[in-house]
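Working notes for the structure below.
The values are calculated or read from the model by the stated rules, or taken from the named source; none is laboratory data. These numbers come from a predicted model, not from an experiment. Here the Cβ positions follow ideal geometry from the backbone for every residue, glycine too, while neighbour counts run over all protein chains shown. These area figures cover heavy atoms from the full protein model, side chains too; ligands, DNA and RNA do not enter into them. Shrake-Rupley method; radii C 1.70, N 1.55, O 1.52, S 1.80 Å.
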Amino acid sequence: MSQLSTRHLLGIKDISAEDIQLIFETADNFKEVLNRPIKKVPSLRDITIANVFFENSTRTRLSFELAEKRLSADVINFSSANSSVKKGETLIDTVNNILSMKVDMVVMRHSSVGAPHFLSKHIKANIVNAGDGTHEHPTQALLDAFSIREKLGDVAGKKVAIIGDILHSRVALSNIFCLQKLGAEVMVCGPITLLPKHIGSLGVKIEHDVEKALQWCDVANVLRIQLERQQIKYFPSLREYSLYFGINRKMLDRLDKEIVVMHPGPINRGVELNSDVADSEHSIILQQVENGVAIRMAVLYLLAGAK
């Protein structure tokens, strides 16, 4: 398999295990590039990419922008905070105005579920979903699985516990789809109020005791409490959440095995993770950030060839 089966990356649900393996193999090559003295290749020299972000983002936007520049693409950055969206311009009008400047690819983050899917039906450019509401965040799931593969040798057969705010997380759903397609077992763990009602229908194990989840898993992927998405109180206080669901070094020391700790960032230190875990030898959080650039380079490169 030498190219992706799709013109867009809208979600992990829409791609195959073969697509994921192709992205990983391509990312392996780009990771070698990123470790050279000259970290740039001319692969997308004739491609123009627009980063269209309707939601605030630091890590994802910077990671995509760096990936694009490492591939020698021309880059346009769009932020809705300083745009005509504030004047009532529609999503399609906004994007069509950008495309009229001869843009080839759109990387989009939007607060509405399905916004990239809607846009893909109305424009000709390739679209990469950089996060749509509480739905999916495909490149984060790809870099998470790639990081597990790098650390443990393979994803197949591994036990991965996703711990935290599953209800409001787009990372959780993409990770579940990606890990299962690669042959991993998945558990979700958190307060009952932060687990979607029908999450079990996705074939995942469900746990409400963090220590039991840590004892079960090979990898703990810990998610941030997304207070900005919560319209009501799902737990009494951050202190109480930390007491019952936060992970500290003593908990890891009580395990009879070594596990890997991950986090998509940004970390609420002292809430879901203590610093003695986030900065420990168990953590591959900074490796995730590094791998994010290689994975996004791979996705952009492969989609540019899927015309």
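The table below gives the values:
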quantity	calculated
Test: residue in the range 135-142 that is out of contact with any Cys (no Cβ under 8 Å at 6 or more places or on another chain), of a type in the set (A, V, I, L, M, F, W, C) and outside any strand (DSSP E or B)	no
Condition met for residue 28 (among the charged types (D, E, K, R) and modelled with pLDDT under 95)	no
Residue selected from the range 68-112 under the condition of a type in the set (S, T, N, Q) and either within 30 Å of residue 36 (Cα to Cα) or assigned to a helix (DSSP H, G or I) (or both), by the criterion modelled with the highest pLDDT	72
Any chance residue 65 is at pLDDT below 90 and surrounded by 14 or more Cβ atoms within 10 Å (Cβ to Cβ)	no
Among the candidates 220, 213, residue that is surrounded by 14 or more Cβ atoms within 10 Å (Cβ to Cβ) and part of a helix (DSSP H, G or I)	213
Total residues in the range 240-275, condition without any contact (Cβ under 8 Å) to a residue 60 or more places away in the chain, buried (at least 16 other Cβ atoms within 10 Å of the Cβ) and part of a loop (DSSP other than H, G, I, E, B)	7
Cross-chain or 6+ apart pairs with Cβ under 8 Å, the range 280-291 first and in contact (Cβ under 8 Å) with a residue 60 or more places away in the chain, then polar (S, T, N, Q)	284/147; 287/147; 288/147; 289/63; 291/147
Matching residues, the range 118-150, being modelled with pLDDT of 95 or more and open to solvent by 10 Å² or more (accessible area, probe 1.4 Å)	140, 149, 150
Qualifying positions in the range 279-295 - open to solvent by less than 10 Å² (accessible area, probe 1.4 Å) and either in a helix (DSSP H, G or I) or in contact with an Asp or Glu (Cβ under 6 Å, 6 or more places away or on another chain) (or both)	288, 291, 292, 294, 295
Tally, over the range 1-57, of residues that are over 22 Å from residue 288 (Cβ atoms) and charged (D, E, K, R)	6
Condition broken by residue 236, with the remaining ones in (1) open to solvent by 40 Å² or more (accessible area, probe 1.4 Å); (2) at pLDDT 95 or above satisfied	(2)
